[in-house]
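Visitor: Sending over a structure as structure tokens; questions will come in a sec.
The values are calculated or read from the model by the stated rules, or taken from the named source; none is laboratory data. Please read these numbers as outputs of a predicted model, since none were measured by experiment. Note that each Cβ is placed from the backbone with ideal geometry, even for glycine, and that neighbours are counted across all protein chains shown.
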There are 2 protein chains.
Amino acid sequence: MTTSQPASVDPKALRDVLDGRWAHVRRDARENLHDPDFLPVYGESVQSARDRVTRAAKKLAESGRVGSGFPKEYGGEDDAGGSVTSIEMLAYVDLSLMVKAGVQWGLFGGALQLLGSKRQHDAYLRDLVCFDLPGCFAMTETGHGSDVQQLRTTCTYDPDTQCFDLHTPHEAARKDYIGNAAKDGRMAVVFAQLITRGVNHGVHAWLVPIRDENGDPMPGVTIGDDGPKAGLNGVDNGRLSFDHVQVPRDMLLDRYGQVAEDGTYTSSIENETRRFFTMLGTLVRGRVSVGGSAGSATKLALDIAVRYGDVRRQFAAPGEDREIVINDYLVHQRKLLPALARTYALHFAQGELVETMHDVQTAVHVHGQEIDERAQRELESRAAGLKVAQTWHATRTIQMCREACGGAGYLQENRLPHLKADTDVFTTFEGDNTVLLQLVAKGLLTGYRDTFGSLDGWGRIGFIADMVRETVLERTAARALIQRLVDAVPGRDDDVPLLDRGWQLKMFEFREKHALEGAIRRLRKNATTDGMAPFDMFNDVQDHVLKTAQTHIDRIVLEAFVAGVDRTTDPAARQLLDTLCHLYALSTIEADKAWFLEHGRLTAARAKLLTSTVNHLLKDLRPHMVTLVEAFGIPADWKATRILEEEADRQEAMASRDAELRAAAGQGTPEGTATALEVAPAQ
Amino acid sequence: MTTSQPASVDPKALRDVLDGRWAHVRRDARENLHDPDFLPVYGESVQSARDRVTRAAKKLAESGRVGSGFPKEYGGEDDAGGSVTSIEMLAYVDLSLMVKAGVQWGLFGGALQLLGSKRQHDAYLRDLVCFDLPGCFAMTETGHGSDVQQLRTTCTYDPDTQCFDLHTPHEAARKDYIGNAAKDGRMAVVFAQLITRGVNHGVHAWLVPIRDENGDPMPGVTIGDDGPKAGLNGVDNGRLSFDHVQVPRDMLLDRYGQVAEDGTYTSSIENETRRFFTMLGTLVRGRVSVGGSAGSATKLALDIAVRYGDVRRQFAAPGEDREIVINDYLVHQRKLLPALARTYALHFAQGELVETMHDVQTAVHVHGQEIDERAQRELESRAAGLKVAQTWHATRTIQMCREACGGAGYLQENRLPHLKADTDVFTTFEGDNTVLLQLVAKGLLTGYRDTFGSLDGWGRIGFIADMVRETVLERTAARALIQRLVDAVPGRDDDVPLLDRGWQLKMFEFREKHALEGAIRRLRKNATTDGMAPFDMFNDVQDHVLKTAQTHIDRIVLEAFVAGVDRTTDPAARQLLDTLCHLYALSTIEADKAWFLEHGRLTAARAKLLTSTVNHLLKDLRPHMVTLVEAFGIPADWKATRILEEEADRQEAMASRDAELRAAAGQGTPEGTATALEVAPAQ
């Protein structure tokens, strides 16, 4: 049950595979993104952090590394994939700067670019790109974060003044957690209900000046400060309220809905909900970037913890001079290695997602093609699912790495506290993870046929009762390869080795299909149960529905990893990745072993074998732990941590002193020279 | 499969049960510990936090609420249980202040009290209690945190000078993470290898002045600052190095080991390792306090999240005017309620632990009885196990509560970020959790017969190969009741209802016994396997060994909860606690369902029934969620959070505005008055 591993693997060969389609963007960042002003500072006040990050954002703009996603005529490269890859690289350097950049060029810039008109681009994009026009993305309200279709801010058109009246009716409707609002923002893209001629046409977006040249709030605009947060101290999150602010008609970002001088509303998309989700759909880049950035933070934390675990020693082994390196402990490997395997798996899945996003968005926004609704829905679902997987994995893994570094991990100088505090909100912003899981589930339940509608997944559930749907799993990349592997597994799979990739794929697939069919069956039953309130029909199976989404994401991620291994040409690197992929697959099955046992897909004996096989994989991978983090290619100065060199130096100094003492003791210990080392070992 | 619940339960009746033996200490804190200077301040600098907490510590000393654990002649009450209960209450108010107090009166004070002599008490205890003598507990070194028997600092006696020479030979031997060191400490209890007449007698402790009256470091003492940390900003953690510092002979804390003028070493405990662990054992209070404080932080986080979830609304239900309260969602209940059940369970287990600790320590230190070695080992094991359970539960639960409060949970003004950052290190300090689990496991493997020895659990493993041991589980409180419940379960237990308490207890018991016997069997096999390195003999089964400890802790905790329910006299409170105890038992079994399936103790059908039973329990408990946190009795001003009242007010304002708009719309909507509410619901 063990795998054979090459003696050593060149981390560069692994890095080439990981770097993927936007390798040039990654290499450029590694080689050129070395301004020390971009690095985090430990122990600074909120005020200094904000000032520092504002200066850094301006400097970053000057470096020309922020605009690649914008059209060529505004200095960009029309490269959506490149722009999210840049953000992913920036996340290694400083997460506050990453979020500040994400707000300015991703959210604010993306909304202007994708929802605005040529005229609006001409007027603002250049200033936006060079950070002369810092801006906000003002969607979330205190009362509505997940259900943004229900925003309470109104923007009502008056033909007499040719202006909209933007208004915050009560505190629950104030814009909240808005990046760039508390200090820097001069404009905001504000989302509100568009009302004209007495009809509410749903949520639209406007460009609204919020501060004048002196930095004072514009008339009718009240700006609040969210104050100190758990992390992201460099980002000035704030609150915006509007007291009947007059917004000129031409400030409506009107690509998907226009209001004529007389107040007539027009849109190429008739259905209001569909229109709303089409608008939201264009903004998928933010969610993709958060997932990618969470991945970077996770890699950095693992890099620190794995390297520390390779020099840190604790507890003597019988008969050994030096204490044991903590990476040698089985339980330490059980913490670090499955997390590392999952990080690789998610990296490959993220790579596929970025490619898909790039292709879908380039078709529409660069080549002017029609939106492929189905592809767009599937992209949104993937983006949501991976955002969930990446950010929860980041929260858990960074916490684990902090603990794996002991007290040293709690000191800011060792970076982990910042990684932890800064990424914590990733599970909430750009879509609460639980709500996003529900969105993914809804896509699966309806086969992307009819996924418009509120993110909640409640609404009318008649569609579930009515639908007759055969569950067909969508394949990701390497479709043919995966199908071949799955098909090669015999029907009675109890005798297939656990290290058979086809069997692993089949288990993931079976679980997803079974969970999905079961959820549909239960929903249908509830929908036809007399007297059951519509809310209860869904709520009753909510845990099952979310499990379905989770199993779907796991499969997508495994398939991406398999495809990544398949693309690897260097034999040693391929062999190592193949083993790591086994660890991802088997540790994922192990974590949900109960399900497989319950559903007759694992016998008790095989379930026990699974655990020992995972332990064997850990042994096989142990010699390659450092190589696996080296492959992330994180430049030393980006790590901004003291833990690594210092611990190695200390251990060496202690070892050489201990050796001296042992030598002296070996020559007989004269009175008065007994040492710390001589305590009798524990009996 | 549902339980019947009273319509309402008086939280005070629950509180009386929770308050337990030191109810008077809890009531006193609730009624009198209301100095606003004790509360956390958000967004302050490290420097201000340290200054504030130093002032608060002094004020706390003046309030007379810190000395109850000290002997009566020094103004205390000889009340060990009362002193850890006070710390637990202080943890609600501010965790930095709690840790500062824990360092001063628990660790520094405890070491002086329990390891020092009457003469030393007379000289220092009064100043210590009133905080005129702030001090440190300098045990951990940069190179040795878990394996403190291997400390590298030496303290070598010279009969000529009648002084010890205290020395830090290299950087790995410097004292690190020491509370009170960076700013306030005037003295430190320093742990080092005692060497006299050329013989190393193992780790002992000395009282060492580290700063003079002006606050400058004493000659030969180098003081460093650990700088900003992830949390606990108010605690001045630092580093201490000693360059041949002369420490007078009478500064050795010499209760367990004495050095005569001529350098002769004497001790009432012959065996060096045994002596070391006896000394360490007296310091168990610190570990008990950390567990209790983690419990308080968890309760506070749950109080915030449960109350917020009861007013926060998101997503409309079909046919309802208002959106759904988020506590009504099954998946939200799945997050909050099992955590709440486990918090109750741990509370009862902590209560038992404090009683045991109080009784064991009072016998020895107040009544001067001999140490009961077995009781002492069992106490240490319980303290270690509960510290692990409480602190990991705190880390996970506070994180979950943060996420359950969405973006609001990320703002410091809502307290959760502080709770999270401040408690994070609890899983590391006072014993790394993984190392402590090993300590617990070792106690189980040897039946407390022979648990001396390094915390590591390696050492010679011959004792495992040799030992013939019948596994007999130690019972906790309510032994007779529990045995009766277990005995009443028929041998073929597949038909016993899942809500049979006896069956639940039996499952916990079976799992522990089986895990323990399996671990012993595997260790014995390895010990007799030719060519297996001693390290590998243990490392090979490390995961299994730690699982044994985990199952043991789960059982101890369940038994404590059962005993707690049994003590409850108010019928409604008892019924509610009984249901909550079902939830703890069944959600714990559910989390390890795979194990029970693998070992033939759950059929697949019964495993599925388990999940639906847990969901039923959530439904039964839903109406009592707020009561269950109300019962913790946390005064409103201790919560130091804005989230609760504000969200309720906002939701009311929004509801009343929405109702107005609906009424207006019902009377026909004149042009220009369309509102946010009128967007068509999602189809």
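Visitor: Output the qualifying pairs, or none if there are none: Cβ atoms under 7 angstrom, residues six or more apart or on different chains, first residue in region B:259-276 and at positive phi and surrounded by 14 or more Cβ atoms within 10 Å (Cβ to Cβ), second residue assigned to a loop (DSSP other than H, G, I, E, B) and modelled with pLDDT of 90 or more.
Guide: Matching pairs, first to second residue: B:GLY263/B:PRO159; B:GLY263/B:ARG197.
Visitor: I'd like the full set of residues that are part of a helix (DSSP H, G or I) and under 16 Å from A:HIS144 (Cβ atoms), limited to region B:319-337.
Guide: B:ILE326 - this is the single residue of region B:319-337 that is part of a helix (DSSP H, G or I) and under 16 Å from A:HIS144 (Cβ atoms).
Visitor: Moving on to the next point. Scanning region B:99-116 for residues that are over 21 Å from B:VAL366 (Cα atoms) and of a type in the set (A, V, I, L, M, F, W, C), which turns out nearest to the chain's Cα centre (by Cα)?
Guide: Once the filter is applied, the top-ranked residue is B:VAL99.
Visitor: May I ask you to list the residues in region A:377-412 that are in contact with a Phe, Trp or Tyr (Cβ under 6 Å, 6 or more places away or on another chain) and modelled with pLDDT of 95 or more?
Guide: The answer is A:THR391, A:CYS405, A:GLY407, A:GLN412.
Visitor: B:HIS24: loosely packed, with under 15 Cβ neighbours inside 10 Å and not in a helix (DSSP H, G or I), yes or no?
Guide: Here the answer is no, as B:HIS24 does not meet what is asked.
Visitor: Out of A:ARG334, A:ARG342, report the one residue that is basic (Lys, Arg) and under 18 Å from A:VAL388 (Cα atoms).
Guide: A:ARG342
Visitor: Is it the case that region A:313-321 has a residue that's at positive phi, of a type outside the set (Phe, Trp, Tyr) and free of Cβ contacts under 8 Å to residues at least 60 places away in the same chain?
Guide: Yes - at least one qualifying residue is present in region A:313-321.
Visitor: Consider B:ARG501 carefully, then state whether it is at pLDDT 95 or above and surrounded by fewer than 24 Cβ atoms within 10 Å (Cβ to Cβ).
Guide: Yes, satisfied.
Visitor: Considering A:LEU166, A:LEU133, which residue is more than 14 Å from chain B (Cβ to nearest Cβ) and not in a helix (DSSP H, G or I)?
Guide: Only one candidate passes the filter, namely A:LEU133.
Visitor: Can I ask one more? Determine if region A:162-184 includes at least one residue that is closer than 19 Å to A:PHE429 by Cα, buried (at least 23 other Cβ atoms within 10 Å of the Cβ), touching a Pro at 6+ places or on another chain (Cβ under 8 Å) and at pLDDT 95 or above.
Guide: Yes, region A:162-184 has at least one match.
Visitor: Can you name the residue in region B:317-327 that is farther than 21 Å from B:GLU646 by Cβ and facing chain A (nearest Cβ under 7 Å) and, of all such residues, is surrounded by the fewest Cβ atoms within 10 Å (Cβ to Cβ)?
Guide: Among those that are farther than 21 Å from B:GLU646 by Cβ and facing chain A (nearest Cβ under 7 Å), it is B:GLY319.
Visitor: Among (1) closer than 20 Å to A:GLU474 by Cβ; (2) facing chain B (nearest Cβ under 10 Å), where does A:THR588 come up short?
Guide: Only one criterion in (1) closer than 20 Å to A:GLU474 by Cβ; (2) facing chain B (nearest Cβ under 10 Å) is unmet by A:THR588, namely (2).
Visitor: Restricting to region A:288-325, count the residues that are in contact with an Asp or Glu (Cβ under 8 Å, 6 or more places away or on another chain) and hydrophobic (A, V, I, L, M, F, W, C).
Guide: 7
Visitor: Next up: Checking A:TRP105 against (1) assigned to a loop (DSSP other than H, G, I, E, B); (2) without any contact (Cβ under 8 Å) to a residue 40 or more places away in the chain; (3) in contact with a Leu (Cβ under 9 Å, 6 or more places away or on another chain), which test does it fail?
Guide: (1)
Visitor: If we scan region B:524-539, do we find a residue that is among the charged types (D, E, K, R), surrounded by fewer than 18 Cβ atoms within 10 Å (Cβ to Cβ), within 14 Å of another protein chain (Cβ to nearest Cβ) and under 26 Å from B:ARG511 (Cβ atoms)?
Guide: Yes, some residue in region B:524-539 is among the charged types (D, E, K, R), surrounded by fewer than 18 Cβ atoms within 10 Å (Cβ to Cβ), within 14 Å of another protein chain (Cβ to nearest Cβ) and under 26 Å from B:ARG511 (Cβ atoms).
Visitor: While we're looking at this one, here's another question. State yes or no: is A:VAL306 more than 14 Å from chain B (Cβ to nearest Cβ), within 21 Å of A:ALA408 (Cα to Cα) and either of a type outside the set (Asp, Glu) or buried (at least 24 other Cβ atoms within 10 Å of the Cβ) (or both)?
Guide: Against the criterion (more than 14 Å from chain B (Cβ to nearest Cβ), within 21 Å of A:ALA408 (Cα to Cα) and either of a type outside the set (Asp, Glu) or buried (at least 24 other Cβ atoms within 10 Å of the Cβ) (or both)), A:VAL306 qualifies.
Visitor: Does B:VAL189 meet the test of being of a type in the set (Val, Ile, Thr) and either facing chain A (nearest Cβ under 10 Å) or more than 30 Å from B:LEU39 (Cα to Cα) (or both)?
Guide: No.
Visitor: Within region B:265-272, does at least one residue satisfy the condition of being within 13 Å of chain A (Cβ to nearest Cβ) and either modelled with pLDDT of 95 or more or assigned to a strand (DSSP E or B) (or both)?
Guide: There is at least one residue in region B:265-272 that is within 13 Å of chain A (Cβ to nearest Cβ) and either modelled with pLDDT of 95 or more or assigned to a strand (DSSP E or B) (or both).
Visitor: I need the full set of residues from region B:141-161 which are facing another protein chain (nearest Cβ under 7 Å) and closer than 15 Å to B:GLU430 by Cα, in order please.
Guide: Correct list: B:THR142, B:GLY145, B:SER146, B:ASP147, B:GLN149.
Visitor: For A:ALA192, which of the numbered conditions (1) outside any loop (DSSP other than H, G, I, E, B); (2) under 30 Å from B:SER45 (Cβ atoms); (3) aliphatic (A, V, I, L, M) fails to hold?
Guide: Against the list (1) outside any loop (DSSP other than H, G, I, E, B); (2) under 30 Å from B:SER45 (Cβ atoms); (3) aliphatic (A, V, I, L, M), A:ALA192 comes up short only on (2).
Visitor: Within region A:316-331, track down each residue that is under 17 Å from A:THR627 (Cβ atoms) and of a type outside the set (D, E, K, R).
Guide: Correct list: A:VAL325, A:ASN327.
Visitor: With the checklist (1) small (Gly, Ala, Ser); (2) part of a helix (DSSP H, G or I); (3) out of contact with any Cys (no Cβ under 9 Å at 6 or more places or on another chain) in hand, flag the one item A:GLY564 doesn't pass.
Guide: Tallying (1) small (Gly, Ala, Ser); (2) part of a helix (DSSP H, G or I); (3) out of contact with any Cys (no Cβ under 9 Å at 6 or more places or on another chain), A:GLY564 fails exactly one: (3).
Visitor: For A:GLN314, indicate whether it is in a helix (DSSP H, G or I) and within 14 Å of another protein chain (Cβ to nearest Cβ).
Guide: No.
Visitor: I'm checking my understanding of the structure. Among residues of region B:195-241 that are within 30 Å of A:VAL41 (Cβ to Cβ) and among the hydroxyl-bearing types (Ser, Thr, Tyr), which one is nearest to the other protein chains (Cβ to nearest Cβ)?
Guide: So the residue we want is B:SER241.
Visitor: If you check B:VAL245 against the conditions, is it more than 30 Å from the chain's Cα centre (by Cα), at pLDDT 90 or above and of a type in the set (Val, Ile, Thr)?
Guide: For B:VAL245, the condition - more than 30 Å from the chain's Cα centre (by Cα), at pLDDT 90 or above and of a type in the set (Val, Ile, Thr) - is met.
Visitor: Within region B:88-122, track down each residue that is of a type in the set (D, E, K, R) and surrounded by fewer than 24 Cβ atoms within 10 Å (Cβ to Cβ).
Guide: Answer for region B:88-122, where residues must be of a type in the set (D, E, K, R) and surrounded by fewer than 24 Cβ atoms within 10 Å (Cβ to Cβ): B:LYS118, B:ARG119, B:ASP122.
Visitor: Moving to a separate point now. Show me the helices (runs of 4 or more DSSP H) entirely contained within region B:588-637 in which 2 or more residues are under 29 Å from B:ALA305 (Cα atoms).
Guide: B:604-621, B:625-630
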